[in-house]
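The values are calculated or read from the model by the stated rules, or taken from the named source; none is laboratory data. Keep in mind the model is a prediction, meaning the values are calculated, not measured. All Cβ positions, glycine included, derive from the backbone under ideal geometry; neighbour counts span all protein chains shown.
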Amino acid sequence: MTDETQKTTEPAEPVEVAAVIAADETGVQAEAAVAVQGNSAIIVAQFADMDTAKVAYEALLEAESKRAIDIDGVLVVNADYQGKIHIQKMTDHTTRNGFLWGAVAGVVIGVIFPPSILASAATVGVAGAIAGKAGNLMKRGAVASELADVIKPGTSGIVALVSITAIDAVKETIPQATEVKAVPVDDETAAAVKEAAKAAGDTTAG
């Protein structure tokens, strides 16, 4: 296995590196597309069914609770056979940074997935208020399109906002994933997501 790294003299333009991160006799098990800019990344992982996604969610929850991985938000979703994305209610968790997992990832859902394929816009909370702004910051929707393709009709998934240094650890924690993509977001986008998530969390708490 080779380890390839790309560098650029223009830091304003992120360099995307695509690599197979795990494979077995059935072929590619997980694939990642990673770019080097900003301190946060959005990860979308696909699972064959909801039970497997929930097991992965619990594994990430345990890892974050033990401070083994720096994760700001995680959400479990599934796509029905019409491709509509449904957000699953899971045990929420306050991260070490004070963010609710569901609130942060709910906003990320609003950034990644177009409203037309969300089963219920209400479950996204205040994501719509910043989705356009964050989407523009995220490479004009190209990143969103790439990530949205991961969770295909009839599959389940996890959406997370994590520290860019935690990407490998997250992937290692969810070996059940059939596909994983991680795309970094700039610090301004991450801040916008967290700000909107805090507002959504405060509304939920109230």
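Structure data summary
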read-out	value
Which numbered condition residue 176 misses (of (1) closer than 20 Å to residue 62 by Cα; (2) touching a residue at least 40 places away in the same chain (Cβ under 8 Å); (3) not in a loop (DSSP other than H, G, I, E, B))	(3)
Those residues of segment 81-96 which are free of Cβ contacts under 8 Å to residues at least 60 places away in the same chain and part of a loop (DSSP other than H, G, I, E, B), in sequence order	84, 89, 90, 91, 92, 93, 95, 96
Selected residue [among the aliphatic types (A, V, I, L, M), over 15 Å from residue 161 (Cα atoms) and within 15 Å of the chain's Cα centre (by Cα)] from 71, 87	87
Breaking point among (1) part of a helix (DSSP H, G or I); (2) surrounded by 17 or more Cβ atoms within 10 Å (Cβ to Cβ); (3) modelled with pLDDT of 90 or more, for residue 143	(3)
Close pairs (6 angstrom Cβ cut-off, 6 or more residues apart or separate chains): farther than 13 Å from residue 71 by Cα in segment 150-170, of a type in the set (S, T, N, Q) anywhere	150/46; 151/46; 155/46; 156/78; 157/46
Total residues in segment 151-173, condition surrounded by fewer than 22 Cβ atoms within 10 Å (Cβ to Cβ) and not in a strand (DSSP E or B)	12
Residues of segment 55-69 satisfying the condition of being at pLDDT 90 or above and touching an Asp or Glu at 6+ places or on another chain (Cβ under 9 Å)	64
